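The values are calculated or read from the model by the stated rules, or taken from the named source; none is laboratory data. Every value quoted in this text rests on a predicted model; they were computed, and no experiment measured them. Here the Cβ positions follow ideal geometry from the backbone for every residue, glycine too, while neighbour counts run over all protein chains shown.
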Amino acid sequence: MRQIASSGVGRYRAEQAKKDDAMQRFSFAKEGSDGKARVGVISTPRGEIRTPAFMPVGTAATVKAMMPASVRETGADILLGNTYHLMLRPTAERIDRLGGLHKFMNWERPILTDSGGFQVMSLAALRKLTERGVTFKSHIDGSKHEITPERSMEIQRLLGSDIVMCFDECPALPAERGVIAESMRLSMRWAQRSREAFGDRPGHALFGIQQGGLEEDFRAESAAALTEIGFDGYAVGGLAVGEGQEAMFGCLDFAADQLPEDKPRYLMGVGKPDDIVGAVKRGIDMMDCVLPSRSGRTGQVFTRRGVVNIKNARHADDPRPLDEACRCPACANYSRAYLHHVFRSQEIISSMLLTWHNLTYYQDLMQEMRDAIAETRFAQWEAAFHAGRAEGDIEPL
Ligand SMILES: [Zn+2]
């Protein structure tokens with residue numbers, strides 16, 4: 001009797017040790033699928049990330065207008081931080097001295113950082129691109145900087161990022177095939193250098209980024225090069241740069257399939273709610289976008305019945321909530337009239353409440369999709385999603 005009990009304890013301890021060990025690693029488990037859509041869990045030492053996942057953007061070590069605990073309450077498992085912004089101000093070295101980005105911004109769960117490449121291209125001045133990397137002037141104070149694959153890995157390590165992105169280059173579309181191919185091959189050489197500079201860091205992940213514009217053959221070449229190097233996850237880069245939804249979906253129809261089935265797939269910088277639904281349908285597991293938080297500050301609100309502009313005069317006398325079905329504090333405690341008033345008065349609470357609502361809407365959208373995929377009813381769910389939006393906002397009073 002005693003022996004059975006102690007062997008039971010022993011087995012429990014062994015299982016627990018195995019579990020603890022697994023928790024120290026980065027891993028992805030697919031738990032179900034429906035068509036190409038997948039549901040799963042990414043495990044990291046800082047917690048689990050339920051997929052498909054939407055990552056709110058915390059550019060300057062804050063999701064604007066939100067406290068970290070409130071971001072978590074919306075249902076976010078992971079945030080995105082921007083390497084370019086943080087390296088310029090307050091600098092990665094300073095954040096490292098202060099204990100890393102998680103401690104600095106009071107967010108203990110996983111953080112993904114981008115490589116800085118995309119934002120150098122879109123924000124910095126006097127950019128110069130060479131085989132070695134890119135030099136540029138800061139958009140804040142004009143100071144001169146360089147990012148190479150090695151420096152990008154160093155910055156992201158100093159920040160303490162859980163998911164690190166390869167340093168890459170992405171041409172603006174449309175571009176000639178020759179330009180796209182050359183850029184993609186440079187990014188693949190940088191991916192190799194990123195992999196080598198990243199080294200072996202248990203518990204931290206490095207994601208490769210597929211490039212190749214909208215060209216199927218270049219996307220395949222890029223995916224093969226990345227898979228050969230070997231990464232913990234794979235991003236589809238170079239989309240959502242103005243090509244339009246139809247072209248983006250057309251590309252995702254083949255691009256996602258070219259990436260390894262057993263690793264997370266991340267579509268960078270996407271997007272509007274219907275972009276996200278279309279991406280998940282095509283096999284994407286992770287997304288990020290400033291849209292819900294930025295729109296919250298400009299009075300644009302996402303609901304099950306489409307977009308509502310709170311600044312519109314029709315809301316001035318409306319005692320009803322934004323969205324009756326929503327669990328967020330803006331909908332639970334305030335009327336459209338109040339939200340309209342504080343927006344028009346430019347009160348800070350307006351940005352807080354509308355951002356809270358938008359992030360809640362996005363996270364609830366992800367939860368609904370995870371449930372629908374797990375129960376293999378994604379097509380029905382998607383039809384209802386589009387029908388709700390087609391209905392439009394509730395009738396004015
Ligand atoms: Zn709400």
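Looking across ARG50, ARG25, ARG46, ARG38, one residue alone is at pLDDT 95 or above, touching a Pro at 6+ places or on another chain (Cβ under 9 Å) and either among the hydrophobic types (A, V, I, L, M, F, W, C) or closer than 17 Å to LYS263 by Cα (or both). It is ARG38. When ALA325 is tested against (1) over 23 Å from GLY278 (Cβ atoms); (2) within 26 Å of the chain's Cα centre (by Cα); (3) within 16 Å of the ligand (Cβ to nearest atom); (4) of a type outside the set (D, E, K, R), just one condition goes unmet, and that condition is (1). Residue count for the range 225-242, restricted to those that are assigned to a helix (DSSP H, G or I) and either surrounded by 23 or more Cβ atoms within 10 Å (Cβ to Cβ) or not aliphatic (A, V, I, L, M) (or both): 3. Taken as a whole, the range 341-348 holds at least one residue that is within 16 Å of the ligand (Cβ to nearest atom) and not assigned by TED's automatic domain parsing to the domain that holds GLY212. Scanning the range 349-392 for residues that are within 16 Å of the ligand (Cβ to nearest atom) and free of Cβ contacts under 8 Å to residues at least 12 places away in the same chain turns up just one, ILE349. I'd like to know if the range 40-53 contains one or more residues that are basic (Lys, Arg) and either within 17 Å of GLY269 (Cα to Cα) or more than 16 Å from the chain's Cα centre (by Cα) (or both). Taking every residue of the range 40-53 in turn, at least one turns out to be basic (Lys, Arg) and either within 17 Å of GLY269 (Cα to Cα) or more than 16 Å from the chain's Cα centre (by Cα) (or both). Within the range 331-365, the residues that satisfy the criterion of being in contact with a helix residue (DSSP H, G or I) (Cβ under 7 Å, 6 or more places away or on another chain) and either surrounded by fewer than 19 Cβ atoms within 10 Å (Cβ to Cβ) or farther than 23 Å from MET287 by Cβ (or both) are CYS331, TYR334, ARG336, ALA337, LEU339, HIS340, VAL342, PHE343, ILE349, SER350, LEU353. Per the listing SER194, SER222, the residue uniquely in contact with a helix residue (DSSP H, G or I) (Cβ under 7 Å, 6 or more places away or on another chain), assigned to a helix (DSSP H, G or I) and within 24 Å of ILE78 (Cα to Cα) is SER194.
When the test is whether a residue is within 17 Å of the chain's Cα centre (by Cα), away from the ligand (no atom under 15 Å from the Cβ), free of Cβ contacts under 8 Å to residues at least 40 places away in the same chain and under 25 Å from GLU246 (Cα atoms), GLY283 does not pass it.
Against the condition farther than 22 Å from SER70 by Cα, more than 18 Å from the chain's Cα centre (by Cα) and outside any loop (DSSP other than H, G, I, E, B), how does GLY278 come out, does it pass? Judged against the criteria, GLY278 is not a match. A count restricted to the range 213-224 and to residues that are buried (at least 20 other Cβ atoms within 10 Å of the Cβ) and either not hydrophobic (A, V, I, L, M, F, W, C) or not assigned by TED's automatic domain parsing to the domain that holds MET153 (or both) stands at 3.
Results for (1) closer than 22 Å to THR113 by Cβ; (2) charged (D, E, K, R), shown as yes or no for each residue.
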| position | (1), (2) |
| --- | --- |
| ALA181 | no, no |
| ARG193 | yes, yes |
| GLY199 | yes, no |
| HIS204 | yes, no |
| GLN211 | yes, no |
| GLY233 | yes, no |
| GLY237 | yes, no |
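Looking only at the range 304-318, decide whether some residue is of a type in the set (S, T, N, Q), buried (at least 21 other Cβ atoms within 10 Å of the Cβ) and in the same structural domain as SER345 (by TED's automatic domain parsing). No, that holds for no residue.
Within the option set GLN210, GLN245, GLN258, being farther than 30 Å from PRO329 by Cα and crowded, with 24+ Cβ neighbours inside 10 Å holds for one residue only, GLN210.
Tell me whether the range 245-262 contains one or more residues that are within 13 Å of the chain's Cα centre (by Cα) and assigned to a loop (DSSP other than H, G, I, E, B). No: the range 245-262 contains no residue that is within 13 Å of the chain's Cα centre (by Cα) and assigned to a loop (DSSP other than H, G, I, E, B).
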